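**Q** Sharing a structure below in structure tokens format, with a few things to ask.
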Amino acid sequence: MSERRAVFAGSGIAVPPRVIDNHVLARVMETSDDWIRERSGIVERHYVEAGVGSADLGAEAGRAALADAGVDPSEVDYLVVATMTPDHYFPGSGTLIQEKLGLRPLPALDIRQQCAGYAYGLQTVQALIGSGIASTVLLVGSDVHTSLLPFSERTWALINGEEGAPELSPEEMEENSRFRHLVVLFGDAAGAMVFRAEEGDGGSGDGGSEPRRGILGAALFGEGGHKDILYVPGVGSAQRPWITQEMLAEARQVPVMDGRQVFKLAVTRMPKATVELLGRHGYGVDDLDLLIMHQANLRINQAAQKVLGLPDEKVFNNIHKYGNTTSATLPLAFHEARQAGMAEPGSLVAFAALGAGLHWGAVLLRM
């Protein structure tokens, strides 16, 4: 039986040139390189310059992915963008990226599943191509977390290494330290992948001699009962007005995170979704060639890897270099894994993620 499959064609990334290591953050809050490494595995992250938005990074990553795929921008007939930090509340980043890339007018879909956004995007790509709606889809994940950091101009002057920037007062250090458990985790980046339609029979889903290529399927879930463990308490239609001076003074525009609960859920639900998805397609964990997990915390990923029983050579992490870049972590890690020779043609790759919402799940791709 003939079917249309979303087959991987190319990938690209966009990483800001400014590297912010743990020692820089230790100048503006009560923390240290050892404290951050022990709790998260993060050594450094990248920050954009002021005024650079997620659409700028997304367009750069998209341009690189199209070049890698050998696809002319005129061939793209659908754009899907995952971000939780759009340039504006509305419009979303999709049409902004479309314009920056010089794409013709086309459907531009914005999705909001935070750290699980790119996984949801992969399923969306398969649905678009499999249904015949699209033939060449560009999927972008881009986030600029520096836009969320509640830092004063004096703090930014120190982070930016401006000449003559004064050291912070104890009161300023204390204020910044309120959010250190969040601030140290995040960086800015974007990643993109290009998928093209390929016609063919169903192929083998059980490791046969000619297994089918492309996005094989997804096991994705959403559950609002865990909303309170990771969310932004202010800025939204649940209150009137949307934003107030009081809200800003109380920093209710800054995310709230229960790290223990996030850890507990991530190390159980990501592996469970991965195993469930593999089983649906006649595979076991041993059949996996590569697992790419959302890069939120190295300890989470190491624990999930242990649950799955996968060896180090089948798991790729790069959180130590970039921190948590939300929608960008999956394509960023996948692109670097490809560069390292870990995703060769024919490889079976699983993507797994968990993020605010709660959203979580896994996606299976045959290269």
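**Q** Net charge near residue 246, counting Lys/Arg +1 and Asp/Glu -1 over other residues with Cβ under 14 Å of its Cβ?
**A** Within the 14 Å Cβ shell, the charges total +1.
**Q** Would you grab the residues whose amide H sits under 5 Å from the one on residue 324? Only those 5+ places off in sequence or on another chain, please, with H modelled 1.01 Å from N.
**A** When sequence neighbours closer than 5 places are left aside, the close amide H contacts are 186, 187.
**Q** Continuing with this model, one more query. Given the pairs 272/314; 264/321; 100/314; 227/314, which are separated by over 26 angstrom at their Cα positions?
**A** Where the Cα-Cα span goes over 26 Å, the pairs concerned are 100/314; 227/314.
**Q** Also, quick follow-up: Carbon and sulfur atoms: what percent of the 1.4 Å accessible area of the stretch 64-142 do they account for?
**A** The C+S portion of the solvent-accessible surface of the stretch 64-142 is 54 percent.
**Q** A further question follows. So what's the projected area for the chain, the Cα convex hull averaged over all directions, in nm²?
**A** Average projection, Cα convex hull of the chain: 18.4 nm².
**Q** In the neighborhood of residue 129, defined by Cβ-to-Cβ distances under 11 Å, what is the net charge if each Lys or Arg adds +1 and each Asp or Glu adds -1?
**A** Net charge around residue 129: -1.
**Q** Taking the solvent-accessible surface of protein heavy atoms with a 1.4 Å probe, what is the per residue accessible area of the chain in Å²?
**A** Computed with neighbouring chains in place, this is 43 Å² per residue.
**Q** At most 13 other Cβ atoms within 10 Å and a DSSP loop assignment: could you name the GluC sites (Glu not before Pro) in the stretch 128-204 that fit?
**A** Filter output for the stretch 128-204: 162, 163, 167.
**Q** If you don't mind, there's one more thing I want to ask. Just to be sure I understand: of the beta bridges DSSP finds with both ends in the chain, what percent are antiparallel, rounded to 5?
**A** Counting DSSP beta bridges with both partners in the chain, the antiparallel share is about 70 percent.
**Q** Further question: Please work out the Cα convex hull volume for the stretch 219-358 and give it in Å³ per residue.
**A** 128
**Q** Helix-derived [θ] at 222 nm for the chain: sum -39500 (n - 2.57) over DSSP H runs of at least 4, divide by residue count, nearest 500?
**A** For the chain, the value works out to -9500 deg cm²/dmol.
**Q** Let me ask another. Is there a quick way to get the dipole size of the stretch 218-293? I mean about its Cα centre, with the Cβ of Lys and Arg at +1 and of Asp and Glu at -1; what is the value in debye to the nearest 20?
**A** Computed about the Cα centre, the dipole is about 240 debye.
**Q** How do 241-249, 289-297 rank on mean C-beta neighbours within 10 Å, highest first?
**A** Peptide ranking by packing, descending: 289-297, 241-249.
The values are calculated or read from the model by the stated rules, or taken from the named source; none is laboratory data. All figures in this text were calculated on a predicted structure; none of them were measured in a lab. Don't worry about glycine lacking a Cβ; one is built from the backbone with ideal geometry, like all the others, and counts go over all protein chains shown. The accessibility values were calculated without ligands, DNA or RNA, using every heavy atom of the protein model including side chains. Shrake-Rupley method; radii C 1.70, N 1.55, O 1.52, S 1.80 Å.
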